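Engineer: Here it is: the structure, laid out below.
The values are calculated or read from the model by the stated rules, or taken from the named source; none is laboratory data. Keep in mind that this is a model prediction, so the values were computed, not measured. Quick reminder, even Gly has a Cβ in these numbers, built from the backbone with ideal geometry, and neighbours come from all protein chains shown. We work out accessible area using only protein heavy atoms, side chains counted, and drop any ligands, DNA or RNA first. Shrake-Rupley method; radii C 1.70, N 1.55, O 1.52, S 1.80 Å.
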Amino acid sequence: MQRITTPDDPVLRDLCEALRSRSGELDRTGQWPAEQLRLCGEAGVYEWFLAPEWGGQDWNEEQVVRGYLALSEACLATTFIITQRTGACRRIAGCNHQPLKERLLPDLVSGAAFATVGISHLTTSRRHLARPILTSEPTADGFVLDGFVPWVTGAQHAQTIVVGATMLNNGEPTADQILLAVPTDLPGLEFPPPEQLVALSASQTGEVRFNRASVSDEFLLAGPVENVMATGIGGRTGGHETSALALGLSAAALDYLRQEAGKRNDLVQAAEALAVEHAELKGDLLAIARGDQVCTNESLRGRANSLVLRSTEAALTAAKGTGFVASHSVGRWCREALFFLVWSCPQPVASAHLCALAGIGDA
């Protein structure tokens, strides 16, 4: 397969067709999408996100968003995994440790290695616990990690996990945090079998445990510092990329709805209205990616969440009983849409959705 060099590259369309043809089986088996990720590597997808000095193409944010829209329309599970991989790569690329970058980034850009992230606990409600779930104690040449990370995608397939931990001082938590690029072959790491999820089980997202694992300071990416997630490249969480994945899934559902509307007049009005809404939201997403603040990320995410839920349900309504069969794409899309209610979903967005469900407030 040739390498993709722009979001309009025909090679991207070919890759998406290959991913789409495998998406149903991926959902049924829950197996890790090794072949899909290999195809993405061969097509140069992992080059989009990093600078030429590491073998990357350094796509701008609008190009990246357009790439994510295409990939997530074809296979949300594979695309979600790529976002976690990219988060790790960008954190590594954004650190000041040149030898570490030289060691890790070339194989990550080529697809020869896989990295993932375990940092969500630093930005969710778990950060308010009296005892942080992952702590770090300084040693003469590094850190000792103890505890667990609740949500890590593909940990058992990774060579590196970028994790965040809270520093201890005399056994007590401090305000300081660190980020580390932890090799997965270190003693003290455990990888329990991931839970079966409502959807995207093929991402094999689950817990990683650290049993006083010693990590050399050569793997330090950032910190110790307060709010370490705000430092370096890739410092955002729950940003417009997640909305891009929601819009990609919406596009798949709306394409099915349009096809059915071509055969049934009763579907035309709904299909057209949802398509207009999708186009408007996509326009705002691309504008934000270009740096035009047409709306907040929170507003964008709330609208994207609403649309992906309504568009997949509309597709299921059109499919009727056929879509309720477990092997049908429409049923899978409805389950996948629920993912956006729980993954990196800002509290104001979640609250607005609850109000909308309850029919209260302005939501």
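Engineer: Which is more than 25 Å from residue 334 (Cβ to Cβ), in a helix (DSSP H, G or I) and either among the aromatic types (Phe, Trp, Tyr) or free of Cβ contacts under 8 Å to residues at least 24 places away in the same chain (or both), of 53, 62?
Structural biologist: 53
Engineer: Report, by residue number, each residue of region 263-294 that is in contact (Cβ under 8 Å) with a residue 60 or more places away in the chain and exposed (fewer than 14 other Cβ atoms within 10 Å of the Cβ).
Structural biologist: Result: 290, 291.
Engineer: Among the residues of region 304-328, write down those that are buried (at least 18 other Cβ atoms within 10 Å of the Cβ) and touching a residue at least 40 places away in the same chain (Cβ under 8 Å).
Structural biologist: Hits for region 304-328 are 304, 305, 306, 307, 308, 311, 312, 314, 315, 318, 319.
Engineer: When you scan region 304-325, do you find a residue that is outside any helix (DSSP H, G or I) and either under 20 Å from the mean Cα position of the chain (by Cα) or modelled with pLDDT of 95 or more (or both), even just one?
Structural biologist: no
Engineer: Condition test on residue 130, is it assigned to a loop (DSSP other than H, G, I, E, B) and either at pLDDT 95 or above or in contact with a helix residue (DSSP H, G or I) (Cβ under 7 Å, 6 or more places away or on another chain) (or both)?
Structural biologist: In short, no.
Engineer: If you don't mind, there's one more thing I want to ask. Have a look at 98, 156 and point out the one that is under 20 Å from the mean Cα position of the chain (by Cα) and open to solvent by 30 Å² or more (accessible area, probe 1.4 Å).
Structural biologist: 156
Engineer: Same structure again: Test residue 279 against the stated conditions and say whether it is over 23 Å from residue 86 (Cα atoms) and part of a helix (DSSP H, G or I).
Structural biologist: Yes; evaluated as a whole, the condition is true for this residue.
Engineer: What pairs come out if I take residues in region 132-158 that are without any contact (Cβ under 8 Å) to a residue 40 or more places away in the chain and pair them with residues that are surrounded by 19 or more Cβ atoms within 10 Å (Cβ to Cβ) and not in a strand (DSSP E or B) whose C-beta lies under 7 Å away, six or more apart or interchain?
Structural biologist: Every condition considered, the pairs that remain are 133/121.
Engineer: Any residue at all in region 198-212 that is closer than 30 Å to residue 296 by Cβ and in a helix (DSSP H, G or I)?
Structural biologist: There is at least one residue in region 198-212 that is closer than 30 Å to residue 296 by Cβ and in a helix (DSSP H, G or I).
Engineer: Please determine, by comparing only the residues of region 174-223 that are in contact with a Gly (Cβ under 8 Å, 6 or more places away or on another chain), of a type in the set (Gly, Ala, Ser) and within 22 Å of residue 100 (Cα to Cα), which one is modelled with the lowest pLDDT.
Structural biologist: Checked region 174-223; the qualifying residue modelled with the lowest pLDDT is 222.
Engineer: Determine whether region 118-125 contains at least one residue that is free of Cβ contacts under 8 Å to residues at least 40 places away in the same chain and over 14 Å from residue 213 (Cβ atoms).
Structural biologist: Taking every residue of region 118-125 in turn, at least one turns out to be free of Cβ contacts under 8 Å to residues at least 40 places away in the same chain and over 14 Å from residue 213 (Cβ atoms).
Engineer: Follow-up question, since we're still on this one. Looking at residue 125, is it touching a Phe, Trp or Tyr at 6+ places or on another chain (Cβ under 6 Å), more than 18 Å from residue 35 (Cα to Cα), modelled with pLDDT under 95 and open to solvent by 10 Å² or more (accessible area, probe 1.4 Å)?
Structural biologist: For residue 125, the condition - touching a Phe, Trp or Tyr at 6+ places or on another chain (Cβ under 6 Å), more than 18 Å from residue 35 (Cα to Cα), modelled with pLDDT under 95 and open to solvent by 10 Å² or more (accessible area, probe 1.4 Å) - is not met.
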